[in-house]
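Values in this text are rule-based calculations from the coordinates and carry no lab data. This one's a predicted model, so the numbers in the text were calculated from it and none came from an experiment. Here the Cβ is made from the backbone with ideal geometry for all residues, glycine too, and neighbour counts use every protein chain on show.
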2 protein chains.
Amino acid sequence: MRDEQSPRPGRPPHPGGTPPRAERARRVADTLRQQITSGVYPHGMLPDERELGHALGATRNVVREALALLSDEGLIIRRRGIGTRIVTAKYGHGLERLTGLAETLVDYGTVTNEVRAARIVPHAPKAVTERLRLPDGSGAVYLERLRSLDGRPLSVDSTWLAPDIGRPLLDRDLAHRDVFDLIEETTGHRLGSAEVTVHAVTAEPDTARLLEIPAGAALFAIDRLTCLADGRPVDAETLRVRADRFALQALVHRGPVAPRT
Amino acid sequence: MRDEQSPRPGRPPHPGGTPPRAERARRVADTLRQQITSGVYPHGMLPDERELGHALGATRNVVREALALLSDEGLIIRRRGIGTRIVTAKYGHGLERLTGLAETLVDYGTVTNEVRAARIVPHAPKAVTERLRLPDGSGAVYLERLRSLDGRPLSVDSTWLAPDIGRPLLDRDLAHRDVFDLIEETTGHRLGSAEVTVHAVTAEPDTARLLEIPAGAALFAIDRLTCLADGRPVDAETLRVRADRFALQALVHRGPVAPRT
């Protein structure tokens with residue numbers, strides 16, 4: 001049995017046999033992030049460095065470096081003499097079902113929206129009309145909402161809606177309700193499905209100010225095109241979500257064998 | 001019909017009636033990112049600022065600012081007199097099915113792996129043995145691979161495997177094959193499913209160096225626990241993936257009405 005000191009013959013990535021500290025710290029940070037996200041530390045405090053080192057098979061120096069990485073991510077706060085506090089559990093958003101934010105987070109707290117824009121744009125940009133399959137030059141409804149969970153900013157959502165779908169929403173309670181929910185209520189029909197694309201980006205200064213995070217912090221930019229049950233696209237939006245408070249989750253199946261090419 | 005100059009009564013987010021330029025630039029950047037990712041510009045060049053402004057309903061100043069944001073994300077390169085080139089199309093990785101990277105990207109190019117670590121760790125950390133449901137103090141196999149697509153770095157993957165599953169892999173072609181594929185070949189069984197959690201983080205200096213991106217650039221950190229068809233967890237890993245070359249995609253369905261609480 002090869003042991004930790006003997007890398008594969010011909011592939012000596014770490015001449016000394018032991019990976020450099022930065023790599024070990026990254027590995028320990030990964031494990032801790034996974035544990036924090038999955039609720040291993042329900043009381044919001046991490047064990048001390050010695051105990052963490054034992055559980056994670058790492059020296060105190062490596063643990064300290066891993067904690068610094070997670071502190072940079074905004075996941076934890078370290079205070080001398082007090083210990084390491086988890087800033088906030090990350091809210092998991094499942095990718096199996098199409099849900100609005102307030103629906104998803106109903107168990108975590110109350111979502112409120114600061115409606116920063118809610119208006120009819122008489123001539124929507126061509127890129128928008130094409131995506132919503134509207135005639136060239138058609139109007140569309142534009143919404144921008146700063147969404148908070150229990151009063152703390154979570155995301156900035158920019159939403160374009162087909163005019164017949166969006167217009168009735170302008171008189172509804174956009175500050176407290178999900179757009180999905182309102183669309184279903186005003187049309188009397190369930191939504192069908194959405195194409196979702198998830199990007200990781202960094203916050204430019206304006207978004208950072210709105211979301212109360214440092215400029216340059218990691219963000220999700222989630223692009224979502226939502227269709228009615230008949231397949232008509234009616235809602236094209238980009239959600240910018242704080243990555244220190246939010247993770248995406250999915251249960252993925254292997255399925256049948258893919259054809260070999 | 002309310003028009004663009006009349007925000008909702010009582011909610012005048014933009015006193016002048018027009019949103020500030022940073023917001024408009026963000027909105028235009030979102031649309032462009034979506035278009036680039038979905039292959040609207042197959043020849044790899046963006047139209048000039050005037051044409052983009054027309055398609056996106058924005059002034060040239062706003063278009064210029066949006067292009068600067070996408071340039072910071074590493075998506076495009078601007079050259080005076082030549083125009084705006086898409087650095088590389090983003091590779092979409094579907095979240096509907098559990099697949100290895102080489103399987104997913106088979107249409108885009110050839111995935112190769114620099115195997116930086118491939119060894120048996122005699123006493124795996126407690127956090128790892130618990131996750132893989134191994135006895136306390138058990139060994140495990142650790143792999144670290146720098147994965148490239150057509151010779152350019154795409155991700156750093158750190159993988160812990162149950163010892164009976166991982167040991168046979170140490171003699172296989174880890175430089176050219178997916179771990180999923182190798183597990184199925186050596187065990188003779190298909191994998192079942194995986195719990196996937198997706199984080200957005202920024203690259204610390206060591207990861208940045210490996211992936212050849214600036215420190216502080218956005219990354220995906222994807223945590224994945226993969227099980228055999230009988231539900232036994234055998235593979236716990238974290239993938240750090242360059243966000244300028246990669247996006248996650250899913251088709252999400254609305255499904256039945258959720259119970260109200």
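Of everything in region B:199-226, what is hydrophobic (A, V, I, L, M, F, W, C) and touching an Asp or Glu at 6+ places or on another chain (Cβ under 8 Å)? Give them in sequence order.
Matches in region B:199-226: B:Val201, B:Ile213, B:Ala215, B:Ala217, B:Ala218, B:Ala221, B:Leu225.
Just to check your reading of the model, which residue among B:Val241, B:Val196 is at the interface with chain A (Cβ under 7 Å from one of its Cβ atoms) and under 16 Å from the mean Cα position of the chain (by Cα)?
Answer to the selection: B:Val196.
Inspect all residues belonging to region A:208-222 and state whether any of them is without any contact (Cβ under 8 Å) to a residue 60 or more places away in the chain, more than 8 Å from every other protein chain (Cβ to nearest Cβ), under 23 Å from B:Ile222 (Cβ atoms) and touching a helix residue (DSSP H, G or I) at 6+ places or on another chain (Cβ under 8 Å).
For region A:208-222, residues without any contact (Cβ under 8 Å) to a residue 60 or more places away in the chain, more than 8 Å from every other protein chain (Cβ to nearest Cβ), under 23 Å from B:Ile222 (Cβ atoms) and touching a helix residue (DSSP H, G or I) at 6+ places or on another chain (Cβ under 8 Å): absent.
Can you spot a residue in region A:73-85 that is of a type in the set (A, V, I, L, M), buried (at least 19 other Cβ atoms within 10 Å of the Cβ) and more than 7 Å from chain B (Cβ to nearest Cβ)?
yes
Here are the criteria: (1) more than 16 Å from A:Ala247 (Cα to Cα); (2) facing chain B (nearest Cβ under 10 Å); (3) of a type in the set (Lys, Arg). Tell me which single one A:Lys90 does not satisfy.
Unmet for A:Lys90, out of (1) more than 16 Å from A:Ala247 (Cα to Cα); (2) facing chain B (nearest Cβ under 10 Å); (3) of a type in the set (Lys, Arg): (1).
Could you grab me the full set of residues in region B:61-74 that are touching a residue at least 60 places away in the same chain (Cβ under 8 Å) and in contact with a strand residue (DSSP E or B) (Cβ under 7 Å, 6 or more places away or on another chain)?
B:Glu73
Across region B:244-255, which residue is farthest from the other protein chains (Cβ to nearest Cβ) among those that are out of contact with any Asp or Glu (no Cβ under 8 Å at 6 or more places or on another chain) and among the hydrophobic types (A, V, I, L, M, F, W, C)?
Per the criteria, the residue is B:Phe246.
Name the strands (runs of 3 or more DSSP E) wholly within region B:176-252 that hold at least 3 residues that are farther than 15 Å from B:Asp157 by Cα?
B:191-202, B:218-228
Among the numbered conditions (1) more than 19 Å from the chain's Cα centre (by Cα); (2) at negative phi, tell me where A:Arg133 comes up short.
Unmet condition: (2).
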